[in-house]
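Below: one structure, written as structure tokens.
Derivation of every value follows stated rules applied to the coordinates shown; laboratory data play no part. Keep in mind that what you see is a predicted model, and the values were worked out from it rather than measured. Cβ atoms come from the backbone with ideal geometry, glycine included; neighbour counts cover every protein chain shown.
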Amino acid sequence: MPWRGTRDPYRVWVSEIMLQQTTVAAVVPYYGRFVAAFPTVAALAAARPDTVMKKWEGLGYYSRARNLHKAAKIVVGRHGGELPATVDELAALPGIGLSTAGAIASIAFGRDAPVLDGNVKRVVARLLGIRGDLARPASLRELWDASRTLILPGKGRETALALMDLGNLVCTPRSPRCPDCPLGRHCRARRDGNAEEIPLKVRRKPIPHHDIVVAVIEDAKGRVLIGRRPDAGLLGGLWAFPGGKREEGETLEAALAREIESDLGIGIAVGGKIGTVRHAYSHFRVTLHAYRCRAFRGTFRASRDAKWIAPSRLADYALPRTNRKIADLLSDAHP
């Protein structure tokens, strides 16, 4: 973990944001590229949004990148470019919740602040033998209180790192290494033999699936149309080919023509299929179908969030993973 040897609050902050809902293995290469491109808070604050999103491309949960950028501007504008050291001030910044604030305050500034990320939550729940839904307010209060009692006075950084590593390496979600655990003699779950049953596995609803259609619209110069997705929605801030979701009973081609006319005000001739890409998000799955298209009717509703670019320039823009695969297919067809 390249961030483990630093006490630089900025780098600790970047690593903690990247590690939200993402594995260490996935974060490592992104972290190195990101801090090389933006070595300071000021450098990040001064960067263009598209540049920030491009460096984050592929890591997912893109609101993290947008909030990191917003927070950097606040740190520069209100805190003189220095990340605040208290949990309350940190938690007031976009994208930083109480656990992330506690992690930054303890790891970067040595504060005796509790943390409760996914790994620590699991460790504490097993220590206490909490078998219910950990998302319940009563369970969360109990977990936070216990996390505070585990901090050795004056050792906030060491305690936070130890608990995180314990959850990552020993007290794992499946097949925990209970015989190797330094807290084993204090652990109720080990005593009761039910460590793997904690936390409670909440039954999930069936994951829905959607067919998504996108148009690679080419103009007379061979350029293709892309648009920027709204910040507030899924994959916000990324550029993508225009399109949308197929409704029940529609053919893929009809759905694509409807979406393009509705969004862009033009009729299109749907041509050959470029490719199909399958992808799973946290709460649903998609199959994306991409077609070559040409406009033949209507007036294109121009927007500052849409532009015509040469296919070779698609590499310069941050695209969703599904769209990146379509862009790669275009590059293979036109090297």
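Annotations for the structure displayed:
- Radius 15 Å from Cβ of Ala37, net charge of other residues (Lys, Arg +1; Asp, Glu -1): +2
- Given charges at Cβ of Lys, Arg, Asp, Glu: the chain dipole, positive-most of Leu183, Gly118, Gly80: Leu183
- Net dipole in debye of the chain [+1 Lys, Arg Cβ; -1 Asp, Glu Cβ; about Cα centre; nearest 20]: 260
- Extension gain, Thr23 back to Lys155 (0.36 nm per residue minus Cα-Cα distance, nm): 45.0 nm
- Positive-end extreme of charge dipole, the chain - chosen from Leu152, Tyr291, Val28 (charges on Cβ): Leu152
- When shorter helices are ignored and each DSSP H run of at least 4 residues is given -39500 (n - 2.57), the per-residue value for the chain at 222 nm works out to -12500 deg cm²/dmol.
- Membrane-span-like helices in the chain (whole DSSP H runs, Cα extent of at least 24 Å along the helix axis, mean Kyte-Doolittle hydropathy of at least -1.0): none found.
- Overall, the anisotropy analysis places the stretch 209-333 in the rounded class: the square-rooted eigenvalues a ≥ b ≥ c of its C-alpha gyration tensor yield a/c less than 1.5.
- Between His209 and Thr172, the modelled labels are 3.0 nm apart [label points 7 Å from Cα along Cα→Cβ].
- Calculated FRET efficiency for the pair Thr86/Ala37, C-beta based, R₀ 25 Å, to 0.05: 0.30
- Local electrostatic count at Ala108 - Lys and Arg +1, Asp and Glu -1, tallied over other residues with Cβ under 14 Å: -1
- Taking amide hydrogens as placed 1.01 Å from N in the peptide plane, the amide H of Leu288 sits under 5 Å from those of Ile212, Val277, Arg278, His279, each at least 5 positions away in sequence or on another chain.
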